[in-house]
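Where a number appears in this text, it was derived from the coordinates with a stated rule and is not lab data. Quick caveat: nothing in here was measured; it's all calculated off a predicted structure. Note: ideal-geometry Cβ built from the backbone for every residue, glycine included; neighbour counts use all protein chains shown.
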């Protein structure tokens with residue numbers, strides 16, 4: 001695919017400022033779009049929009065299709081009569097005790113879920129189940145994912161959040177009689193889940209339209225694997241290496257690398273690629289179709305897993321003892337293309353990458369990724385140094401998995417800092433913006449930096465530390481940063497000078 005010369009920022013919507021304890025798809029999201037537009041940025045990169053599971057990771061979602069209702073702007077429910085202004089004031093007052101810099105994931109999620117259920121009850125009482133728009137939404141999505149996700153969510157709540165593998169056997173094995181009984185018993189809960197999904201995709205569509213009017217597009221994220229405790233694994237067991245009771249023989253991860261000496265044991269279920277192939281990869285086609293309905297460009301996380309993936313025995317506590325297994329390779333991309341046409345993918349080709357992975361990427365003409373943090377090992381022609389970038393690339397200072405650039409630089413040895421300063425011809429104080437400038441000057445078609453780097457924030461603003469289960473995904477920008485005209489003006493001037501402006 002051909003990308004126009006352009007640039008953008010990474011910011012997950014949960015990181016937006018606001019008074020409700022977490023970023024939403026409301027006013028602060030529109031203000032961020034305005035900031036991007038005035039700075040000439042074409043791209044807003046987000047993390048997966050799916051509802052996160054334990055720990056708040058959007059890469060371990062309870063559905064690969066559903067949206068995260070925590071992002072809903074509840075103020076939009078007031079004119080419809082689903083919530084009162086007093087409801088919102090009470091909720092926002094409760095959230096004032098949480099730090100502005102951090103999203104208190106468990107507490108805010110719980111409080112907002114209660115308010116969402118109140119809104120759903122009021123909507124239903126007003127005859128909402130007969131709303132033509134709601135019925136059309138259900139008709140479009142029920143068979144592919146919505147029915148299973150709503151039932152899964154209702155059952156999970158009914159079992160106090162327990163993993164589906166610990167539910168009663170007849171539910172684990174999806175016995176038809178047990179599912180019918182659950183749908184009847186939990187009908188109101190199922191309706192509330194569908195209500196939240198309907199409103200999520202309505203609000204997301206409105207934000208996307210607002211952005212498009214300002215020449216801002218969305219770069220989304222498609223994790224290759226799904227979570228073990230997800231509606232996807234529960235409802236589509238035949239497509240995963242799971243037995244009748246949902247137990248795996250092996251799980252996903254990556255071997256030891258830059259991020260971890262023991263590798264990363266993600267614990268995701270592995271695909272039964274043969275079963276998927278026999279079904280024409282229909283589940284994957286539906287999944288890609290869903291993400292393409294929500295974003296304009298799709299980053300395929302862990303792209304190398306389509307060529308070969310690290311298979312870890314389920315009883316291994318780390319990712320050290322695994323083996324590489326061949327993936328579906330070209331076959332899945334041809335199936336997607338035959339069904340959907342050319343999909344605008346970006347290949348996340350970081351980590352232990354072989355020539356075969358590069359050839360798979362290049363056969364499908366996909367841009368790869370370049371991360372400047374990884375470039376300073378002493379090789380003067382390291383492939384992640386900006387002067388080596390090809391045009392077909394998406395280049396970053398760092399990603400959500402890296403430290404902030406200020407935190408990364410401050411943690412280098414003096415020898416490593418010397419390499420950075422020498423290459424960039426900069427001082428310690430200027431290192432962050434010098435890296436941004438060098439990216440923008442490169443040949444890479446698309447350049448993106450985490451929003452934290454614009455403000456030269458240190459390690460406390462890091463979004464994720466791979467391999468660590470706690471303390472991630474909760475960073476938020478402040479209202480003062482969102483309104484900082486100087487920083488966005490500086491970015492706009494750089495973008496214009498390097499011919500990346502969308503204006």
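Per the helix-only calculation at 222 nm, which mean residue ellipticity applies to the chain, given -39500 (n - 2.57) for every DSSP H run of n ≥ 4 and division by its residues, nearest 500 deg cm²/dmol?
Result for the chain, helices only: -11500 deg cm²/dmol.
Over the chain, what relative contact order in percent results from Cα pairs under 8 Å that are six or more residues apart?
Result for the chain is 21 percent.
Taking the Cα centroid of segment 50-106 and of segment 226-295, what is the distance between the two, rounded to the nearest whole Å?
Cα centroid of segment 50-106 versus Cα centroid of segment 226-295: 27 Å apart.
For segment 137-235, take N as its residue count and report Rg(C-alpha) divided by 2.2 N^0.38 Å.
For segment 137-235, the normalised Cα radius of gyration comes out at 1.29.
Sort out for me the Cα centre separation of segment 474-493 from segment 369-392, rounded to whole Å.
So the separation of the two Cα centres works out to 27 Å.
Let me check against my output: what whole-number percent is the relative contact order of segment 187-269, with C-alpha pairs under 8 Å and at least 6 apart?
Working: 59 pairs, mean separation 17.6, N = 83.
Computed value for segment 187-269: 21 percent relative contact order.
Among DSSP beta bridges lying fully in the chain, give the percent that are antiparallel, nearest 5. Mind showing how you got there, number by number?
Details: 15 of 41 bridges.
That works out to approximately 35 percent antiparallel.
Multiply the residue gap between residue 465 and residue 311 by 0.36 nm, knock off their C-alpha separation, and tell me the result in nm, one decimal place.
53.2 nm
Calculated FRET efficiency, residue 289 and residue 165, Cβ-Cβ r, R0 25 Å, to nearest 0.05?
That pair, residue 289 with residue 165, gives E of 0.30.
Taking only C-alpha pairs under 8 Å that are 6+ residues apart, what is the relative contact order of segment 1-55 in percent? Please report the intermediate quantities before stating the final value.
Working: 50 pairs, mean separation 22.8, N = 55.
Once normalised by length, the contact order is 41 percent.
Would you mind calculating the gained length between residue 415 and residue 455 on full extension (0.36 nm times residue separation, minus the Cα-Cα distance), in nm to one decimal?
Stretched out fully, the residue 415 to residue 455 stretch lengthens by 11.9 nm.
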